[in-house]
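These notes are about the structure you will find just below.
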Amino acid sequence: MGESNVGMQGQGRVIPVADLRYQAALPRIPDQLPAPGHWPQLLRDTRQRRLHDLRISVTDRCNFRCTYCMPKSVFDKDYAFLPQSSLLSFEEITRVARLFAACGVEKIRLTGGEPLLRKHLEKLIEMLAALRTPDGQPLDLTLTTNGSVLPRKVQALKAAGLKRITVSLDSLDDSRFRAMNDVDFPVADVLKGIDAAHNAGLTPLKINMVVKKGLNDQDVVPMARHFKGSGHIVRFIEFMDVGASNGWRMDDVMPSAAIVARINEAYPLEPIDPNYQGEVAERWRYKDGSGEIGVISSVTQAFCGTCSRARLSTEGKLFTCLFAQQGHDLRGLLRGGYSDAQIVAALGLIWGERSDRYSEIRTAETAALRKVEMSYIGG
Ligand code: SF4
């Protein structure tokens, strides 16, 4: 990480410059508010992309230090995580989710940091599971976890109304996985979490593997082999220049095309259609009918054209792109006594003016920009 990317504070401690910049302006409220019963049920941005998915980060803390997300060099013992008081309460999160659902959101993904570290998370899930879309449908409620505490939480999550789950697992090679999570956490315990989630019925279960060339790309085929025929869907994710801390280089990216080619050599694959427009992963199924995989190719095959995702940080800042540099302070509206109609109107302005397309314009220069940390707004 270049010198220009860090700020120094007493005793020479490194502060990720990103922290110095999470200012977010209070959203503008248009004079014209939507009349009761006439709220916009579908929001589209400047590229006609509808708002469909809301990713909610419920904590900026994690018990792992994955080198491509929360490297220890930055997220060390002195790192200033957000104070409890600044986090959105479950009631505030549910209010935001209710207003987003009224405006067309159909899918909510809970993220972090590690979301299962947020105390009593099942209470929030219960509140979100009770929400409905304008036509009375429940939301598609899912969660991404590192699986570390899943075995003892899974029953409560399911009972609270969680529908599905995604577990991150970057290698089946125990020593390599321990090095990548950098807290010496064993593969076996994540596999136990996956089994527990499967047995609890949180299916279809997805497994996310971030592939970094020269680090764990040799584990791609073993990962595919291990879960082939299990019903679980492994998604292979290109290493991305998220945030400002993971030392990203294009040389470390294993293109999805190469990942598919490698698996196809061992287990022939064929492409299949997305489940819905805007789905992040490109789907491939095994020709022998034993299941499917996905690849997420933000670097080599940008999918901004159909991106339908908004992200809410743990302290209520709204980001309209994973690689954003600036957010919108929704918490200021929530705690400032603004009405639902005012917040919906503000959301309409934010999304209506959205033009994000970072992956389409990525360069070595943009990769060095100080962008929001993934551990802060979720993947
Ligand atoms: S780079 Fe931004 S706009 Fe493009 S797909 Fe990712 S989150 Fe969406």
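The values are calculated or read from the model by the stated rules, or taken from the named source; none is laboratory data. Computed from a predicted structure; not experimentally measured. Here Cβ is always computed from backbone atoms with ideal geometry, including for glycine, and neighbour counts include all displayed protein chains. Note: accessible area is taken over every heavy atom of the protein model, side chains too, but ligands, DNA and RNA are not part of it. Shrake-Rupley method; radii C 1.70, N 1.55, O 1.52, S 1.80 Å.
Tabulated data
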read-out	value
Any hit, the stretch 169-180, residues being in a loop (DSSP other than H, G, I, E, B), surrounded by fewer than 19 Cβ atoms within 10 Å (Cβ to Cβ), of a type in the set (D, E, K, R) and in contact with a strand residue (DSSP E or B) (Cβ under 6 Å, 6 or more places away or on another chain)	no
Test: Val154 is surrounded by 20 or more Cβ atoms within 10 Å (Cβ to Cβ) and more than 18 Å from the chain's Cα centre (by Cα)	yes
Boolean, Asp189 is without any contact (Cβ under 8 Å) to a residue 60 or more places away in the chain and acidic (Asp, Glu)	yes
Hits in the stretch 221-241 (condition: within 24 Å of Phe319 (Cβ to Cβ) and either surrounded by 21 or more Cβ atoms within 10 Å (Cβ to Cβ) or in contact with a Pro (Cβ under 9 Å, 6 or more places away or on another chain) (or both))	Ile237, Glu238, Phe239, Met240, Asp241
Contacts under 6 angstrom Cβ, first residue in the stretch 67-81 being free of Cβ contacts under 8 Å to residues at least 24 places away in the same chain, partner in a loop (DSSP other than H, G, I, E, B), 6 or more apart	Phe81/Asp60; Phe81/Arg61
Residue within the stretch 363-371 that is modelled with pLDDT under 95, out of contact with any Lys or Arg (no Cβ under 6 Å at 6 or more places or on another chain), within 24 Å of Pro115 (Cβ to Cβ) and within 13 Å of the ligand (Cβ to nearest atom) present	yes
Pick from the stretch 318-344, criterion of a type in the set (Val, Ile, Thr) and more than 16 Å from the ligand (Cβ to nearest atom), ranking: surrounded by the fewest Cβ atoms within 10 Å (Cβ to Cβ)	Val344
Some residue of the stretch 261-273 being free of Cβ contacts under 8 Å to residues at least 40 places away in the same chain, within 30 Å of Met223 (Cβ to Cβ) and surrounded by 15 or more Cβ atoms within 10 Å (Cβ to Cβ)	yes
Conditions (1) assigned to a loop (DSSP other than H, G, I, E, B); (2) away from the ligand (no atom under 14 Å from the Cβ); (3) farther than 29 Å from Gln32 by Cβ: number failed by Tyr376	(1)
Whichever residue in the stretch 98-122 is open to solvent by 20 Å² or more (accessible area, probe 1.4 Å) and touching a helix residue (DSSP H, G or I) at 6+ places or on another chain (Cβ under 6 Å) and, among such residues, is farthest from Gln155 (Cα to Cα)	Gly113
Top-ranked residue of the stretch 271-289 - restricted to ones that are aromatic (Phe, Trp, Tyr) and more than 16 Å from the ligand (Cβ to nearest atom), ranked as farthest from the chain's Cα centre (by Cα)	Tyr286
Sole residue being more than 15 Å from the ligand (Cβ to nearest atom), over 25 Å from Tyr68 (Cα atoms) and of a type in the set (D, E, K, R), chosen from Glu315, Glu353, Glu292	Glu292
